[in-house]
Amino acid sequence: MAEKITIHDPRGYPPKVTGKRLAPRLESLDGKVVFLVDCLFDNSEVFMEQVQLWFAENLPTVKIRNIKPRESWVDDPKMRATVEAEGDAAILGVGL
Amino acid sequence: MSLEESGVPTVAVHTDAFARLAQSVAYANGMPTTRQTYVPQPIVDKSPADLRAYVEGEDPISNRPFMQEVIEGLSHPLNDNDLNGMTFERMTPRLMDPNTEDNLQALFVENHWTDNLPIILPTEERVAAMLKGTSHSPDEIVGRLNPTAFREFWEFDVEKVAVNAVMAGAKPEYFPVILALAASGVSARSSSTNSFATISLVNGPIRNEIGMNDGIGVMGPYNHANSTIGRAHNLLSINLQGGSVPDDTYMGTLGNWYNYSSCFAEAEERSPWQPFHVQQGFKPTDSAVSVFFGGWYTQAGYGPRETWQEKMRRALAACEQNIAPIFVLDPIVARGFVELGFDTKEKLANWCSENALLPAREYWDDQWIQTLKYPLAVAGVEPFASRLKAKPDGLVSMYEPEDISIVVTGGETQGAWKMIAGEHRHGFTVSVDNWL
């Protein structure tokens, strides 16, 4: 029978994960401000325009506003503050 | 997810190729029920009509109408899981349960802890021997790594780096270089869809002290130190950042053979120019390792012969505009450029910058230039703003001189050169001496 040996585990140390709750949902989107957040991937602007057109044609009472961060893959606190202050909900896309 | 934390109900839209990745990131952020919706891959190059069909079609993951998923994600009531999130800790043991060598080799492959080649099993004796290669304490924190910017960082200490160095087959005398690579914070296993690798360059006295190759076959598998240091950087990146597993923590569409091992040394004694680390502010007597993020494209040539300018203009134009090259020259080529008047690396980098030209419409017609540089251009950040002002057929420079790294190495059996994708950012050259 082959000898058993003891070896090291090669993995690093993952951070503790702290649970976070989702934001309360809206009862209805009627009359609400929904931000379409363009994540700046190539062609995501065109995709978001199509989402905007869909709302205009199917749910015209929803107030759609388009917004973009200043830079790809970098947090934009100013943009986030605008969405938090002036928006009721947000749709982010298109992430990879 | 920060918008959710601020009280704004949010739905994220992804392409279906990234479903597992999106769910894994949400889980690691303690918000596993984040509302995610999916459209088919790809978005790039699709027309407005194609994208309208995505919007009006089905979510390919849930098989329900896409917009219904979006609207319900913002307006359907939450359940207990949504309200509590998920708190948990993941422990990494120091030692594994005893087992046979064959079973442990198989277990490491099964767990995606290797490059799928056999490894040296990290026994306590071997790891203790590796730790003698540095004066630093085994429990000293070396740094943090993550596979990409939006994923969580994992932390690691000197002993964990030693474990991976043993696995790669490295000798204890190489360990300070491997610690410096780990401390750089640059993963050799980026999860980018671009299939990037990280190439490392060693400069200073340590090269000769540990017997690195800067001669014949320098960029091939012909030297124990070069091979195992490069392999160690990859193995430690896999294991210390939380994995490099296809469809989860690795998304490179084609993959990259540089991900096995890509570490080399500069032929400082045979170069007519300053060593690379000296260009970065180190003394010639310092030892340092530099990392280059890329390893994606490679151009090659010879010379410089009579038509060298035409050849190099073509090669530069064929490089990708998003990542500048490391220009690697055999010493024969470097001396040839000196004879042409390029008596410093900086002069050659200036020439490359002035001659790496593309028509503006070609420069901007690139998905990564559109994604990463176009927003900066619109915000007025130079040099991108000026490139955006150019007429479509006007020529724009692809790179600034400081973007182009020049390294001299090779065995002088031929006057050969290569241009390899390799972005060297500020802070990417790390002291090895600090890890002795």
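Descriptive notes on the structure:
- Cleavage-rule hits, trypsin sites (Lys or Arg not before Pro), the range B:220-311, DSSP coil, Cβ neighbours within 10 Å at most 15: B:305
- Within 10 Å of the Cβ of each residue in A:84-93, the mean number of Cβ atoms contributed by other protein chains is 6.
- If the convex hull is drawn through the Cα atoms of the range B:2-84, its volume per residue in Å³: 101 Å³
- Calculated on C-alpha atoms, the gyration radius of the protein assembly as shown divided by its Kirkwood radius gives an Rg/Rh of 1.01.
- Local net charge near residue B:214, Cβ-Cβ under 12 Å (Lys/Arg +1, Asp/Glu -1): -3
- Top of B:244, B:262, B:135 by mean-square fluctuation, Gaussian network on chain B, Cα under 10 Å: B:135
- Cβ-Cβ distance of residue A:33 and residue B:149, R₀ of 30 Å, FRET efficiency by 1/(1 + (r/R0)^6): the value works out to about 0.55.
- Sparsely packed trypsin sites (Lys or Arg not before Pro) within the range B:342-386, loop by DSSP, other Cβ within 10 Å at most 13: none
- Partner lysines for residue A:32 [C-alpha distance under 16 Å; skip if fewer than 8 residues away on the same chain]: A:63
- For the range A:33-93, a/c is not less than 1.5, where a ≥ b ≥ c are the root eigenvalues of the C-alpha gyration tensor, and a/b does not top b/c. That puts it in the oblate class.
- Counting only residues at least eight positions apart within a chain, or on another chain, the aspartates and glutamates with an alpha carbon under 17 Å from that of residue B:345 are B:266, B:268, B:269, B:330, B:354, B:400, B:402, B:403, B:423.
- Per-pair calculated FRET efficiency, R0 = 25 Å: residue B:386 and residue B:2 via Cβ, rounded to 0.05: 0.15
- Between the C-alpha center of the range B:366-436 and that of the range A:30-96 there is a gap of 32 Å.
- Per-selection Kirkwood Rh - the range B:310-436 (Cα, Å, 1 d.p.): 16.0 Å
- For chain A, applying the loop criterion from DSSP together with a ceiling of 15 other beta carbons within 10 Å to the chymotrypsin sites (Phe, Trp or Tyr not before Pro) yields A:73.
- Peptide-level mean, for A:46-55, of C-beta atoms on other protein chains within 10 Å: 6
- Cross-link reach is defined here as a Cα-Cα straight distance under 16 Å, omitting same-chain residues fewer than 8 places apart; for residue B:389 the lysines meeting it are B:373.
- In this simple spin-label approximation, residue B:302 and residue B:257 carry label points 7 Å from Cα along the Cα→Cβ vector, and these lie 2.1 nm apart.
- For the segment B:54-63, counting C-beta atoms of other chains within 10 Å of every residue's C-beta and taking the mean gives 2.
- Ordering A:39, A:14, A:83 by Cα displacement along the dipole of chain A toward the positive end leaves A:14 in first place; charges were set at the Cβ atoms of Lys, Arg (+1) and Asp, Glu (-1).
- Placing +1 on each Lys and Arg Cβ and -1 on each Asp and Glu Cβ, with no other charges, gives chain B a dipole about its Cα centre of roughly 940 debye.
- Whole-number percent relative contact order across the range B:262-389, with pairs defined as alpha carbons under 8 Å at least 6 apart: 22 percent
- Applying D = kT/(6 pi eta Rh) to chain B, where Rh is the Kirkwood radius over alpha-carbon pairs, T corresponds to 25 °C and eta to 0.890 mPa s, the Stokes-Einstein value obtained is 102 µm²/s.
- Förster radius 25 Å - calculated FRET efficiency between residue B:45 and residue B:247 (Cβ-Cβ, nearest 0.05): 0.65
- Max mean-square fluctuation residue, GNM over chain B, Cα-Cα springs under 10 Å, options B:277, B:233, B:224: B:224
- For the range B:174-322: rounded, prolate or oblate by the Cα gyration tensor [a/c cutoff 1.5]: oblate
- Net charge dipole size for chain A [Lys, Arg +1 and Asp, Glu -1 on Cβ; Debye, nearest 20]: 460 debye
- Residue exposure sequence - B:409, B:33 - by fewest surrounding Cβ within 10 Å: B:33, B:409
- Along chain A, counting only GluC sites (Glu not before Pro) with a DSSP assignment other than H, G, I, E or B and at most 13 other Cβ atoms inside a 10 Å radius, the longest segment between sites is A:28-96.
- Separation of alpha-carbon centers, the range B:52-94 and the range B:269-336, rounded to whole Å: 47 Å
- Residues considered: B:355, B:84, B:29. Largest GNM mean-square fluctuation over chain B, using C-alpha springs under 10 Å, is found at B:84.
- Taking a point 7 Å out from the Cα of residue B:132 in the direction of its Cβ, the residues of the range B:165-181 whose backbone N falls within less than 11 Å of it are B:172-173.
- Cβ crowding within 10 Å ranks B:368, B:417 as B:368, B:417, fewest other Cβ atoms first.
Bear in mind these aren't lab numbers, they're just calculated from the coordinates by the rules spelled out. Quick caveat, the model's predicted, so the values are computed rather than measured. A quick note on method: Cβ atoms are made from the backbone with ideal geometry, for glycine too, and the neighbour counts reach across all protein chains shown.
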